[in-house]
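Enquirer: Below is the structure I would like to discuss, written out as structure tokens.
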Amino acid sequence: MKFKSFAAAIALGALSVTTVNFAADAKKDSQIEKAVAGDWRSADNKSRDVYRHPADALAFWGLKPGMTILELQPGGGWWTEILAPYARLTKGEFYATGADLADPALSDNARKGRADFEAKYANAAVYGKVNVVNWGAKAAPLPAGKFDFVLAARVFHGWMGNNQQDANLANIFASLKPGGILAIEQHRGNPGAEPVRDGYVTEQAVIDAATKAGFKFEGKSEVNANPKDTKDHPFGVWTLPPTRQSSEDNKPVDASFDRAKYDAIGESDRMTLKFSKPKK
């Protein structure tokens, strides 16, 4: 049977919702495509699209026009360059987490990092209003029932390494509207491996943590799979691009170290998971 759409195939049971491979006929949002193609994005960030497939991933996760979006721990803003302009283009709202300014013990470096992020995305003509909310172990909870779409990109290895996943997921769950989406991109460990090791996390560990917090698992895509990634690198996932760590603790690089071998792998094998907050 030929289906009119990817969604229809799922609805009629032709595809298992828990093992979804992103299909070429999934309906694309032209504004997502416009945000991904934007000339405001840096050349370095665009060069990584071949590994991170932003338009396909966002379509799979179900980002829609007008949504109120939260990006968790945005780092340098690879996703911010896409999500903030998308929110502006579709009359939505964009939020990102930042260092907790209410924490009296906050370091000067963390304070500067937040200020630099806010300055980088201050051009409202491109990014709209970039709202930054406090985030940290001592931070006040996120606003309750506020968000339609929350993106957690490559954060679970840090959360699980510090045993913060349960508290963080409970906070996110409360911040989502009923029916809201939790989108996860994460370096993927091999099935049966340690739940978290060398920057990799198993899919099952993420699914177990999210469902424990009350989320419904909607499915996964293999759009960011990389079968070349053997996950046994000398400096963990950070051996691979874009970090490209080549020595321990900034020591001189051993002349025999084969950097080209790891560059040829590309970026890590990644899970692309979708969860939702039940409507009832």
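The values are calculated or read from the model by the stated rules, or taken from the named source; none is laboratory data. Bear in mind the structure is a predicted one, so any value in this text is a computation, not a measurement. Note that we place each Cβ from the backbone using ideal geometry, even for glycine, and neighbour counts take in every protein chain shown. Just so you know, the surface numbers come from the protein's heavy atoms only, side chains and all, with ligands and any DNA or RNA stripped out. Shrake-Rupley method; radii C 1.70, N 1.55, O 1.52, S 1.80 Å.
Enquirer: Can you tell me what percent of all Cα-Cα pairs in the chain are more than 34 Å apart?
Expert: 18
Enquirer: Give me the percent of the accessible area of segment 94-241 that comes from carbon and sulfur atoms, probe 1.4 Å, all protein chains in place.
Expert: Carbon and sulfur: 53 percent of the exposed surface of segment 94-241.
Enquirer: Can you compute the equivalent ellipsoid semi-axes for segment 178-280, i.e. the square root of 5 times each eigenvalue of the Cα gyration tensor, sorted largest first and rounded to whole Å?
Expert: Numbers: eigenvalues 213, 32, 24 Å².
Each semi-axis is √(5λ); the values are 33, 13, 11 Å.
Enquirer: Based on Cβ point charges of +1 for Lys and Arg and -1 for Asp and Glu, what charge dipole magnitude is obtained for segment 65-130 about its Cα centre, in debye rounded to the nearest 20?
Expert: Computed about the Cα centre, the dipole is about 220 debye.
Enquirer: Which semi-axis lengths, in whole Å and largest first, follow from the square roots of five times the eigenvalues of the Cα gyration tensor of segment 24-90?
Expert: For segment 24-90, the ellipsoid semi-axes come out as 17, 15, 12 Å.
Enquirer: If you don't mind, another one. Using the Cα centre of the chain as the reference point, and only Cβ charges (+1 on K/R, -1 on D/E), how large is the resulting charge dipole? Debye, rounded to the nearest 20.
Expert: 1060
Enquirer: With a point put 7 Å past each Cα toward its Cβ, work out how far residue 174 is from residue 230 in nm, to one decimal.
Expert: My value for the distance between the label points is 4.6 nm.
Enquirer: Something else now. Averaged over every viewing direction, what's the projected area of the C-alpha convex hull for segment 102-146? Give it in nm², one decimal, please.
Expert: If I average the Cα hull's projected area over directions, I get 3.9 nm².
Enquirer: At R0 = 45 Å, how high is the FRET efficiency between residue 257 and residue 138 if r is their beta carbon distance? Nearest 0.05 is fine.
Expert: On the way: r = 40 Å, r/R0 = 0.90.
Once the sixth-power term is evaluated, E becomes 0.65.
Enquirer: Rolling a 1.4 angstrom probe over the protein heavy atoms, how many square angstrom per residue are accessible across segment 37-165?
Expert: Ligands and nucleic acids excluded, the result is 44 Å² per residue.
Enquirer: Something else about it: Among DSSP bridges having both ends in the chain, what percentage is antiparallel? Round to the nearest 5.
Expert: The antiparallel fraction comes to roughly 40 percent.
Enquirer: Would you please put 44-54, 258-268, 85-95 in order of how densely packed they are, using the mean number of other Cβ atoms within 10 angstrom per residue and starting with the highest?
Expert: The peptides rank, most packed first, as 85-95, 44-54, 258-268.
Enquirer: Another question, if that's okay. Once both labels are modelled 7 Å past Cα along the beta-carbon direction, what's the residue 280-residue 34 spacing in nm?
Expert: About 3.8 nm, to one decimal.
Enquirer: Here's another thing I want to ask about it. List the lysines whose Cα sits under 16 Å from the Cα of residue 261, skipping any in the same chain fewer than 8 residues away.
Expert: Excluding near neighbours in sequence, the set is 228, 231.
Enquirer: Quick one: among 152, 43, 210, which has the greatest mean-square fluctuation in a GNM of the chain with alpha-carbon springs under 10 angstrom?
Expert: Evaluated over the chain, the most mobile residue of the options is 43.
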